[in-house]
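K.L.:
Can you read through this structure? Questions will come right after.
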Amino acid sequence: MAARGDRAAFVLLVTPALLLSLAFYFWPLSQVLWISVTEPSPGLGNYAQLFTSASIAHMLATTLRICAVTTVVTLVLGYVVAYALVHARPLIQRAMMIGVLLPLWVSVLVRAFAWIALLRREGVVNSVLLAGGLIDRPLPMIWNEFGVILGMTHYMLPYAILPLAVQMRQIDSALSAAARGLGAGAFETFWRVFLPLSLPGLVGAGVLVLIFSLGFYVTPVLLGGGRTLMVAEYISLQILELLRWGTGTMLATTLVLTILLALGVLSRLVDLRQLFGAK
């Protein structure tokens, strides 16, 4: 009887959230899927464009290239910061954690405009380099792939640092001490003990950064200047400007399925609850 009561209470607690998800999430997604196979005519013609359209192929290649570079750069920088954070003194750890979390409290729009002010031809960086005689002409640092990758890496860093720090804190420091006691050097201890034990966090952070990067919109639009077209901006262009709902919803559906696939791979590779410190 107690088990039945617990099950009934669980159903009552879950039902409102389930109904809200069905009404405001799964139903709109089903409409997007329906439009993708019915506009402008029923069938899979829209999805065939993934293999036949040169513009879509170029856009997808640009998106994958930028997302891959962003993920790699973010993981390298995030790993260094997480390692320093975990091994720092408590006071420094708190200061570093504030520095990691602070960008999350600032609008992505504000951060993108800040990068524009820094990197444009008359911006702070070019002005300093020109005044110091290090360059003869302003460097093109925005409205290209470099600017997009820089802005996206800045935004994604906390999403890499936090999971990595959680994973690193679960590594027993006695293991590294034992390796040093057996004659291993600092680098060998890191390479053969610490790094393998931190790999689940590295994989989890990498997949998270990749997932966020795939659907990024504001930063590529502002720092790409319309010259670096990624999938989210391309979807917006197809639906709002060209009114090609079939193509836009097809790409949106493909993006959602890709993200779900990436989440499925992540759940197979690492324990998501352990990755985010739930247990």
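The values are calculated or read from the model by the stated rules, or taken from the named source; none is laboratory data. Treat the numbers as computed from the prediction; the structure is a model and nothing was measured. Cβ coordinates were reconstructed from backbone atoms using ideal geometry, including for glycine residues, and neighbour counts include every protein chain displayed. For accessibility, only protein heavy atoms count, side chains too; no ligands or nucleic acids. Shrake-Rupley method; radii C 1.70, N 1.55, O 1.52, S 1.80 Å.
K.L.:
Would a scan of the range 171-178 turn up a residue that is within 22 Å of Val100 (Cα to Cα) and of a type in the set (Ser, Thr, Tyr)?
P.N.:
Step one: filter the range 171-178 for residues within 22 Å of Val100 (Cα to Cα), giving 171.
In the following step, the residues that additionally are of a type in the set (Ser, Thr, Tyr) were identified as none.
No: zero hits.
K.L.:
Go through the residues of the range 236-243 one by one and say whether even a single one is under 28 Å from Leu266 (Cα atoms) and of a type in the set (Val, Ile, Thr).
P.N.:
no
K.L.:
Let me ask another. For Leu164, which of the numbered conditions (1) open to solvent by less than 10 Å² (accessible area, probe 1.4 Å); (2) of a type outside the set (S, T, N, Q); (3) at pLDDT below 90 fails to hold?
P.N.:
Failed condition: (3).
K.L.:
Report, by residue number, each residue of the range 28-44 that is without any contact (Cβ under 8 Å) to a residue 12 or more places away in the chain and open to solvent by 60 Å² or more (accessible area, probe 1.4 Å).
P.N.:
Gln31, Trp34, Ser41, Pro42, Leu44
K.L.:
Sticking with this one: Take Arg180 and tell me if it is open to solvent by 50 Å² or more (accessible area, probe 1.4 Å), touching a residue at least 24 places away in the same chain (Cβ under 8 Å) and among the charged types (D, E, K, R). Spell out the reasoning first.
P.N.:
Values: open to solvent by 50 Å² or more (accessible area, probe 1.4 Å): yes; touching a residue at least 24 places away in the same chain (Cβ under 8 Å): no; among the charged types (D, E, K, R): yes.
In short, no.
K.L.:
Here is a further query. Among the numbered criteria (1) under 24 Å from the mean Cα position of the chain (by Cα); (2) more than 21 Å from Thr70 (Cα to Cα); (3) crowded, with 18+ Cβ neighbours inside 10 Å; (4) modelled with pLDDT under 90, which one does Val193 miss?
P.N.:
(1) is the only condition that Val193 fails.
Yes or no, residue by residue, for (1) under 30 Å from Ser236 (Cα atoms); (2) touching a residue at least 12 places away in the same chain (Cβ under 8 Å):
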position	(1), (2)
Gln167	no, yes
Ser176	no, yes
Ala184	no, no
Trp191	no, no
Leu197	no, yes
Gly204	yes, yes
Leu214	yes, yes
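K.L.:
So, one more: Do any helices (runs of 4 or more DSSP H) entirely within the range 72-148 hold 1 or more residues that are closer than 30 Å to Asp172 by Cα and touching a Pro at 6+ places or on another chain (Cβ under 7 Å), and if so, which? Explain how you work it out, then say what you get.
P.N.:
Details: elements: 90-101, 108-119, 124-131.
In the range 72-148, 90-101 are the helices (runs of 4 or more DSSP H) which contain 1 or more residues that are closer than 30 Å to Asp172 by Cα and touching a Pro at 6+ places or on another chain (Cβ under 7 Å).
K.L.:
From the list Tyr25, Tyr47, which one is hydroxyl-bearing (Ser, Thr, Tyr), open to solvent by 60 Å² or more (accessible area, probe 1.4 Å), assigned to a helix (DSSP H, G or I) and more than 16 Å from Gly206 (Cα to Cα)? Spell out the reasoning first.
P.N.:
Numbers: Tyr47 fails: open to solvent by 60 Å² or more (accessible area, probe 1.4 Å).
None of the others qualify; the one that does is Tyr25.
K.L.:
Being open to solvent by 50 Å² or more (accessible area, probe 1.4 Å), charged (D, E, K, R) and either touching a Gly at 6+ places or on another chain (Cβ under 6 Å) or in contact (Cβ under 8 Å) with a residue 12 or more places away in the chain (or both) is the filter here; which residues of the range 93-149 pass it?
P.N.:
The answer is Arg120, Arg121, Glu122, Glu145.
K.L.:
So if I check each of Leu182, Leu175, Leu164, which one is over 22 Å from Thr74 (Cα atoms) and in contact with a helix residue (DSSP H, G or I) (Cβ under 7 Å, 6 or more places away or on another chain)? Walk me through it before giving the result.
P.N.:
On the way: Leu182 fails: in contact with a helix residue (DSSP H, G or I) (Cβ under 7 Å, 6 or more places away or on another chain); Leu164 fails: over 22 Å from Thr74 (Cα atoms).
Just a single option satisfies the conditions, and that option is Leu175.
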